[in-house]
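To keep things clear, I will list the structure first and then write my remarks on it.
Please treat every number below as a calculation from the coordinates, not as lab data. Just so we're clear, the structure is a prediction, and the values are computed from it rather than from any experiment. Every residue, glycine as well, gets a Cβ built from its backbone with ideal geometry; the counts of neighbours run over all protein chains shown.
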Amino acid sequence: MSAVIDPHHAGHGLTDHHHGPAKGLMRWVLTTNHKDIGTMYLWFSFAMFLLGGSMAMVIRAELFQPGLQIVQPEFFNQMTTMHGLIMVFGAVMPAFVGLANWMVPMMIGAPDMALPRMNNFSFWLLPASFGLLVSTLFMEGGGPNFGWTFYAPLSTTYAPESVTFFIFAIHLLGISSIMGAINVVATILNLRAPGMTLMKMPLFVWTWLITGFLLIAVMPVLAGCVTMMLMDIHFGTSFFSAAGGGDPVLFQHVFWFFGHPEVYIMILPAFGAVSSIIPAFARKPLFGYTSMVYATASIAFLSFIVWAHHMFTVGIPLTGELFFMYATMLIAVPTGVKVFNWASTMWQGSMTFETPMLFSVAFVILFTIGGFSGLMLAIAPADFQYHDTYFVVAHFHYVLVPGAIFGIFASAYYWLPKWTGHMYDETLGKLHFWMSFVGMNLAFFPMHFVGLAGMPRRIPDYNMMFANFNMVSSIGAFMFGATQLLFLFIVIKCIRGGTPAAAKPWDGAEGLEWTVPSPAPYHTFSTPPDMATLEAHRTDPRHD
Amino acid sequence: MTEDRQTRRLVLRLCVLVVAMFGFGFALVPIYDVMCQAFGINGKTAGAYQGDQVQDAERQVRVQFLATNAADMVWTFGPQADEVTVHPGASTQMIFVAYNPTDKPMTAQAIPSVAPSKAAAYFHKTECFCFTQQVLQPGERIEMPVRFIVDRDLPADVRHLTLAYTLFDITARKPPVAQATP
Ligand code: HEM
Ligand SMILES: [Cu+2]
């Protein structure tokens, strides 16, 4: 188990006695191999990240100065809406499904996902869904312009014609993520190698199991929500139309019943990934594994009873405000447990700061800042001031960019050697990290200030007094955006060559995925690994 | 293959969960309505009130009236007075006037809402034009009554409340029936 394994013979390594991948394009269309599908998910997600990112560049270019310069308000609204939808459903969620496809079977010693053909189908629904969604931009009347939260009646009575295609796109991507979630849950519950008990699973597997259940529970509610919209628009019902006895506020309840668990869907897998990465580079086992599992489970549970913190200003009764305020603050407790566990893992560790670790440490620090602004927003009376301002934008970008996205970058750098068989360029990786770090803080930190001072979100123009901070934000955003092309370059360079990677390129890393050669052969664990020997092996100091 | 069978059973269960949650999304609609009714939240008022109350001559409550047109609604619509002062328990009437300035017959629906929302459960309408739809012929004008009782149990800290109507054009949904020939 070391660097002497020749990557060209890896396909005939200890676990593999099948044929390799098919040749040509059809390999990708018809594949049922979890690694192929994982790769496709990751590339798809990256393409969406760049597309959604370009829209963010349009937004920041318009906001570079006060006044209207570059785009019309109608188009600006389409940009904010599509940016949000593409980043949430096209970039972050598929990236995690891609990581799950690649890593979950390898981490639990399974030969593949439990439902390989469904796996193929759930991936290929995504290009269809986003093709449809993006095509609405070119339709008469333009694409969705009602915000990624698509509140009715703005998204029903006052929506552009293309809203029907938007609804259909949401249906497709919903079906895709439900099938993906069922697949991951079935794999984790049924395909674990003998001896891989639940409490031995790596935390990435645990967080994905819980995320899978969250997805299965709330994606159908989102589907129901857009179905009601469809019926209001085309079949004369009035779920959300006050004129027919419905209620627009109902929309917000249904949406946020999905929406708040959704934000945890976007962060829990990242929690899992950094819980593997930090111990590897601190060369210490994860502090408080069991508490991590329970903290994740309680976050998931609590996420179902806090949704109305997005609705403090719609006029819910005082008792409701109090309930949702305290329930929301309660989430900070298990989240705090996690942050302290990561910090304790690093405490007195022999830390080195390779790129995955840099992204993970930044994750812990900056995600915590996002958590703090979340706590401020959770104070119901204060939220009357903060709601719908740039402060909210700062909050969710702090939890999503250095949270979800940095978690994905950290995972990518951590496992790239396993995927490609080569080490990535460490210097460029660090450059990518520092440029992203500086860029995102420049872009999003000033938003706290302009938000507190009252700058509303989703408006293409603003008061002169916000001009300086907005210019800084835009410069930071351009820097962050441009840097992501560097990431593309690093990944391509790593695929095409580089120092051959050892089976376990990180000396502190733990887990079954490091027991197979790098690059991981096309089929791994066709026969389940023997956990007992592996564990004996692990305690043997001479290993590796 | 017991493993296959196990997987199939698990997947089936998960699918049931998916369907159940899809249903739950729709179940939120009646749940929401029931909650609003039960707790009188969201300013929603109940249907026609049947009870009768003795008036509380000691206490006075100001009731303000608001009339708003939903977007695209062209009727003129408003109350005859902006405000009345009533005793809880007493039955009071207010007239709203609507006028259709167009050359087409139109149907409208008024949707009431009471603020502060905690007062909604204590605001009873015994008679209201919002219980039905209004059809107005071109140039027609009507007076529409609402008769209400403010409950004697209205929380003591509520000294004035607002009854707001939003008028929606629902001609497309409920076309006015052709006028009977005279
Ligand atoms: C300690 C944990 C957190 C707390 C207390 C919290 C609290 C809140 C509150 C109260 C709001 C509503 C603000 C308003 O609209 O006025 C909000 C918005 C938001 N939060 Fe969080 N949050 C937390 C963590 C997260 C995480 C982990 C994510 C995602 C990874 C997230 C994503 C979002 C998003 C996307 C919105 C804005 C949605 C929109 O209106 O477009 N939050 N948060
Ligand atoms: Cu939330």
Give me B:CYS36, A:CYS225, B:CYS15 sorted ascending by neighbouring Cβ count inside 10 Å, so fewest comes first.
B:CYS15, B:CYS36, A:CYS225
Which whole-angstrom value gives the distance between the alpha carbon centres of segment A:291-333 and segment B:106-175?
35 Å
The simple spin-label model distance between B:CYS15 and A:PHE449, using points 7 Å out along Cα→Cβ, in nm, is 5.7 nm
Amide H neighbours of B:THR162 under 5 Å, at least 5 residues apart or on other chains, H built in the peptide plane: list them.
B:GLN64, B:ALA115
Estimated 222 nm signal from helices in the protein assembly as shown, with DSSP H stretches of n ≥ 4 weighted -39500 (n - 2.57), rounded to 500
-18000 deg cm²/dmol
Please name whichever of B:THR92, B:GLN133, B:ALA108 sits farthest to the positive end of the charge dipole of segment B:61-172, dipole taken about the Cα centre and charges placed at Cβ: Lys and Arg +1, Asp and Glu -1.
B:THR92
To the nearest 10 degrees, how steep is helix B:2-39 against the longest Cα principal axis of chain B, on a 0 to 90 scale?
10 degrees
Which longest uninterrupted range of chain A lacks any GluC sites (Glu not before Pro) assigned by DSSP to a loop state (not H, G, I, E or B) and surrounded by at most 14 other Cβ atoms within 10 Å?
A:162-544
For the modelled label position 7 Å from the Cα of A:LEU198 along Cα-to-Cβ, which residues of segment A:281-311 have backbone nitrogen atoms closer than 20 Å?
A:288-304
Spatial separation of Cα centroids for segment A:355-394 and segment A:40-63, in angstrom:
22 Å
Please arrange A:SER177, A:SER350 by counting, for each residue, the other beta carbons lying within 10 Å of its beta carbon, fewest first.
A:SER350, A:SER177
Residues A:SER276, A:SER238, sorted so that the one with the fewest Cβ neighbours within 10 Å comes first:
A:SER238, A:SER276
extent check for the protein assembly as shown: Cα max minus min per principal axis, descending, whole Å, gives 98, 61, 52
Scalar couplings 3J(HN,Hα) for segment A:189-197 by Karplus 6.51 cos²θ - 1.76 cosθ + 1.60 (θ = phi - 60°), nearest whole Hz, x for Gly and Pro, are 6, 10, 10, 5, 4, x, x, 7, 6
Near the amide H of B:CYS128, under 5 Å away, which other amide H atoms are found, from residues 5 or more places off or on another chain, if H is placed in the peptide plane?
B:ARG147
Assign unit charges at the C-beta atoms only (+1 for Lys and Arg, -1 for Asp and Glu), then state the dipole size of segment A:405-544 relative to its Cα centre in Debye, rounded to the nearest 20.
460 debye
Over all Cα pairs of segment B:61-172, the Kirkwood radius sets Rh, and Rg/Rh then becomes 1.01
Per-residue mean of C-beta atoms belonging to partner chains within 10 Å, peptide A:238-245
5
Which whole-Hz couplings ³J(HN,Hα) result when phi for each residue of segment B:133-138 is put into the Karplus expression 6.51 cos²θ - 1.76 cosθ + 1.60, θ = phi - 60°, listed in order with x for Gly and Pro?
9, 10, 10, 10, 6, x
Using the basic label-point model (7 angstrom from Cα toward the beta carbon), what is the A:MET376 to A:LEU68 distance in nanometres?
3.2 nm
Identify all lysines with a Cα-Cα distance to A:LYS493 below 25 Å; exclude those on the same chain that are fewer than 8 residues away in sequence.
A:LYS23, A:LYS35, A:LYS418, A:LYS430, A:LYS504
Return the sequence-ordered ³J(HN,Hα) values of segment A:354-369 in whole Hz as given by the Karplus equation 6.51 cos²θ - 1.76 cosθ + 1.60 applied to θ = phi - 60°, using x for Gly and Pro.
6, 3, x, 5, 4, 5, 5, 5, 4, 3, 4, 5, 6, 4, 5, 4
What do you get for the angle between helix A:467-496 and the principal long axis of chain A? Use alpha-carbon atoms, 0 to 90 degrees, nearest ten.
30 degrees
Averaged across A:179-187, how many Cβ atoms of other chains sit within 10 Å of each residue's Cβ atom?
3
Please identify the GluC sites (Glu not before Pro) of segment B:1-84 that satisfy two criteria: DSSP loop assignment and at most 10 other Cβ atoms within 10 Å. Which are they?
B:GLU58
